[in-house]
Amino acid sequence: MVCRSLLLKLETAGHIALPPRRGLPPQLKGKPNRQTELILDDASPLHSPLRTILPLSTVQVRRTKAESLYKHLINRYHYLGYTQPVGEHLKYVVYCAHRPIACISFGSAPRHIGSRDRFIGWDQHTRRRNIHLLAYNTRFLILPWVRVPHLASHILGLIGRRISNDWQQLYNHPLYCLETFVDTERFAGTCYKAANWIYLGVTTGRGKNDMTHRRNRSIKAVWGFPLVKDFREKLCHE
């Protein structure tokens, strides 16, 4: 995926000419997913206190048949849509009984975030060596017909208690800290604060592929969540 992205950028810039596309991948052909449509038959409003819908189940769907459900929900209802992650990542669907009500995913952490690196105590060498021990919350969606106070922070708590073990099973190493960006022009980050995430600062607005050192996107708040008490020791360990 990284090589493909680079080739497309080179073609757009006029440096190379790629051969004609042979066809569209299945996710772009617009074919309906019958299983997904059946699962989503129940889209009736869910307006209840949190205690009345507990317990919830969080299902890790990466590399399972249910991954298509996650993709469908994110692509249809999340304002950023769905993009295929590159590198290590996990995807979760949250169920109330047998009814999906939320989706959340985590991927490989961005290589350099100044406020995060200062919070952990990283220098450049240590960050490069241990950045795989962090994960970045890439998408979080509560379905639009679900109105349950405190649901988002509750889900963050559920995921925080299991994600390191899930990561270990799939990628053979644990996680010691989570992070996310919040677009402050759209959101206040209330659910992260309620789930005891820590405000770390703001981004520079330059993006991970910046080559100009100039702002080219909105400033975002950075929030972090340590998964273990001695996270700094583990993340800075040789």
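The values are calculated or read from the model by the stated rules, or taken from the named source; none is laboratory data. Only a predicted model underlies this, so the values are computations on that prediction, with no experimental measurement involved. Note that we place each Cβ from the backbone using ideal geometry, even for glycine, and neighbour counts take in every protein chain shown.
Some observations on this one:
- Scanning segment 56-91 for residues that are surrounded by 14 or more Cβ atoms within 10 Å (Cβ to Cβ) and within 25 Å of Ile131 (Cα to Cα) yields Gln60, Val61, Arg62, Tyr82, Pro85, Glu88, His89, Leu90, Lys91.
- Members of segment 184-194 that are of a type in the set (A, V, I, L, M, F, W, C) and under 16 Å from Arg139 (Cβ atoms): Phe187, Cys191
- Residue selected from segment 164-187 under the condition farther than 17 Å from Gly224 by Cβ and not acidic (Asp, Glu), by the criterion surrounded by the fewest Cβ atoms within 10 Å (Cβ to Cβ): Asn172
- Scanning segment 181-188 for residues that are in a helix (DSSP H, G or I) and either β-branched (Val, Ile, Thr) or touching a residue at least 12 places away in the same chain (Cβ under 8 Å) (or both) turns up nothing.
- Checking each residue in segment 131-152 for being over 15 Å from the mean Cα position of the chain (by Cα), part of a helix (DSSP H, G or I) and over 20 Å from Pro85 (Cβ atoms) picks out only Leu151.
- Selection status of Arg161, under 16 Å from Gly224 (Cα atoms) and loosely packed, with under 13 Cβ neighbours inside 10 Å: yes
- Checking each residue in segment 92-144 for being among the β-branched types (Val, Ile, Thr), surrounded by 17 or more Cβ atoms within 10 Å (Cβ to Cβ) and touching a residue at least 40 places away in the same chain (Cβ under 8 Å) picks out Val94, Ile101, Ile104, Ile113, Ile120, Thr138, Ile142.
- Any hit, segment 200-215, residues being at pLDDT 95 or above, closer than 16 Å to Thr138 by Cα and either of a type in the set (A, V, I, L, M, F, W, C) or loosely packed, with under 14 Cβ neighbours inside 10 Å (or both): no
- Within segment 122-168, the set of residues being among the aromatic types (Phe, Trp, Tyr) and more than 25 Å from Val93 (Cβ to Cβ) comprises Trp122 only.
- So Ile39, is it among the hydrophobic types (A, V, I, L, M, F, W, C), in contact with a strand residue (DSSP E or B) (Cβ under 8 Å, 6 or more places away or on another chain) and modelled with pLDDT under 95: yes
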